[in-house]
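The values are calculated or read from the model by the stated rules, or taken from the named source; none is laboratory data. All values reported here derive from a predicted model rather than from experimental measurement. Here the Cβ positions follow ideal geometry from the backbone for every residue, glycine too, while neighbour counts run over all protein chains shown.
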Amino acid sequence: MGRQLAAAVLAVLLLVSGCSAQRPETPAPAFGDTDVMFLQMALEQVREGDQVAALTEQRAGSATLRALAAELRAQWREESATMQRWLLGWQRPLTADPSSGAHAGHGDLHMLRPSDIGELRAATGKAFDRTAVSLLLGHLGNCVETARMETAGGAYPPARALGETVTTRRRSQIQRLLQLAAQP
């Protein structure tokens with residue numbers, strides 16, 4: 001009887017331990033270099049673009065242009081919070097090491113220069129609005145290109161989905177800016 005009891009206890013232990021070992025572990029979603037590059041570049045684009053959008057929101061003569069700048073800033077806050085959360089969760093820096101050439105070969109997208117911001121600050125009236133529209137058009141075009149790199153080569157599905165959202169949003173905003181640019 002002792003052997004039967006020991007065998008029964010062993011069988012129960014094996015069943016219990018087997019059941020707990022069979023629990024599926026949810027692996028952390030995979031991400032790749034393209035995802036990290038997209039997030040780092042997009043955060044830098046948000047930082048740069050927000051300088052133009054903040055001035056535009058405050059000073060544009062066109063109410064439509066001011067509203068578009070406010071919309072951009074709100075979307076950028078939301079998007080950048082998500083991007084930062086992912087990078088920090090992956091234990092990756094929020095910015096690429098500029099000496100490492102991490103973004104070499106990812107296209108030489110025009111970056112806003114201090115002189116661009118200076119030109120915008122110095123402009124007044126309709127010249128301000130034209131300059132803001134021009135800077136935003138170029139900048140949002142870069143945002144679309146960066147997002148398209150993610151949707152084409154990213155490994156992390158939520159980042160690819162964010163890339164698609166960014167592309168859709170920025171293209172819509174580009175169309176609205178082109179309409180503003182076409183006005184006399």
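Worth pointing out:
- So SER115, is it modelled with pLDDT of 95 or more, out of contact with any helix residue (DSSP H, G or I) (no Cβ under 8 Å at 6 or more places or on another chain) and hydroxyl-bearing (Ser, Thr, Tyr): no
- Any hit, region 72-79, residues being among the charged types (D, E, K, R), at pLDDT 95 or above, under 19 Å from MET149 (Cα atoms) and out of contact with any Pro (no Cβ under 7 Å at 6 or more places or on another chain): yes
- Residue count for region 19-48, restricted to those that are of a type in the set (Gly, Ala, Ser), part of a helix (DSSP H, G or I) and at pLDDT below 95: 2
- Lone unmet requirement of (1) of a type outside the set (Gly, Ala, Ser); (2) over 23 Å from ALA53 (Cβ atoms); (3) at pLDDT 95 or above; (4) surrounded by 14 or more Cβ atoms within 10 Å (Cβ to Cβ) for HIS106: (3)
- Flag for GLY125 being more than 13 Å from the chain's Cα centre (by Cα) and more than 23 Å from ALA74 (Cβ to Cβ): yes
- For VAL133, the criteria (1) in contact with a helix residue (DSSP H, G or I) (Cβ under 9 Å, 6 or more places away or on another chain); (2) of a type in the set (A, V, I, L, M); (3) over 21 Å from ALA74 (Cα atoms) hold in every case but one, which is (3).
- Qualifying residue in region 128-139 (condition: farther than 17 Å from ALA53 by Cα and surrounded by fewer than 16 Cβ atoms within 10 Å (Cβ to Cβ)): no
Every residue, every condition in (1) farther than 16 Å from ALA67 by Cα; (2) out of contact with any Asp or Glu (no Cβ under 7 Å at 6 or more places or on another chain); (3) crowded, with 19+ Cβ neighbours inside 10 Å, yes or no:
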| position | (1), (2), (3) |
| --- | --- |
| ARG148 | yes, yes, no |
| ALA152 | yes, yes, no |
| ALA155 | yes, no, no |
| PRO158 | yes, yes, no |
| ALA161 | yes, yes, no |
| VAL166 | yes, no, yes |
| GLN173 | no, yes, yes |
